[in-house]
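Only one structure is covered here, and it is reproduced in the block below.
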Amino acid sequence: MQIIRDIAALRHAISAMRQGGKTIALVPTMGALHEGHMSLVKKAKTLADHVVVSIFVNPTQFGPNEDFDAYPRDEQKDGAMLAEAAVSILWAPDVSVMYPPGHVTHVEVAELGADFCGAARPGHFDGVATVVSKLLNQVRPDIAIFGEKDWQQLAIIRQFVRDLDFPVDIIGAPIARAADGLALSSRNAYLTPQQRSDAVHLSEALNRAAQAIAAGENVASVLAKAEQAIIAGGFDSVDYLALTNKDTLARLDQYSGPARLLAAARMGKTRLLDNLAVG
Ligand code: PAF
């Protein structure tokens, strides 16, 4: 596995890899890799000849009071996991390579980014859309794979890729879960043992709510009950819990066919996301 940190060397390596019509999949990450990321890598390997994984903790998607400095970083461990998985390139640019002095352009996906995580984290999705645009232009992959855990992020990426004519297929990969059902996330590392065992109440509440909604129960009362269960289970607050159109993310107060339940809840300083298909 080549570890590359500058754009000229990346371009050179990508051209060499493309010889003979070989295809490339990109798996963008912020590192602190876990089984969820590795399931994306595994999927990428089934879909392309070469896999490029990027590790870049993107400052522009963190707000001023968020955990950019504290975000877990362990490039040595991440590199060993990726080498073991026979990834071709680890693309690990420094902040000064991604955002050299004078960088002013950003990508904004207006409507889809306004609600849910966008409301709780102003500017977050502009940072995500900008860095993912840059990663797609740097690597120029045939496909790029993102986890469905960040459902709103995935919807936003699909939207700007369509709007800006990026020549890439965006693939969503199912949420990887721990044995008790908790969605895997790098931020789970922040949880104390007690918080970690309580955190399961988020996925449990979503599962019960999805079943009740699909069975025809009133959406508002199912969501209210689920929110109470999440708080009773040890969370401090629920940022949002909503039934949405799975593509436009419009909030739905009635269930009439395939939809998505989206949730974010806070436990101490940690904010956990989860989502589930309904129907
Ligand atoms: O989901 C993530 O890890 C990040 O938001 C991404 C897509 C790598 C962009 O920084």
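We did not get these values from a lab; they are worked out from the coordinates using the rules stated. What you see is a predicted model; the values in this text were computed from it and never measured. Neighbour counts are summed over all protein chains in view; Cβ atoms, including those assigned to glycine, are modelled from backbone coordinates with ideal geometry.
Here are the numbers for the structure shown:
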{"quantity": "Cut-off under 5 Å, modelled amide H: who pairs with Ala173 long-range", "calculated": "Phe146, Gly147, Glu148"}
{"quantity": "Where N is the number of residues in the stretch 21-65, Cα Rg divided by 2.2 N^0.38 Å", "calculated": "1.38"}
{"quantity": "Summed residue charge, Cβ within 12 Å of Arg162's Cβ, Lys/Arg positive, Asp/Glu negative", "calculated": "-3"}
{"quantity": "Cβ charges +1 (Lys, Arg) and -1 (Asp, Glu), total dipole of the chain, debye", "calculated": "500"}
{"quantity": "Part-to-part distance (alpha-carbon centres) for the stretch 155-170 and the stretch 180-248, which is given in Å", "calculated": "29"}
{"quantity": "Among Pro93, Pro258, Pro101: highest mean-square fluctuation, GNM of the chain, C-alpha pairs under 10 Å", "calculated": "Pro101"}
{"quantity": "Backbone HN-Hα couplings from phi across the stretch 86-93 [Karplus 6.51/-1.76/1.60, Hz, Gly and Pro as x]", "calculated": "6, 6, 7, 9, 9, 9, 10, x"}
{"quantity": "Packing-based order for 11-22, 76-87, using average beta carbon neighbours within 10 Å, highest first", "calculated": "76-87, 11-22"}
{"quantity": "Antiparallel %, DSSP beta bridges [both residues in the chain], to 5", "calculated": "50"}
{"quantity": "Whole-Å distance, taken between Cα centres, linking the stretch 67-131 and the stretch 1-27", "calculated": "19"}
{"quantity": "Where Rh is the Kirkwood radius over Cα pairs, Rg/Rh for the chain", "calculated": "0.97"}
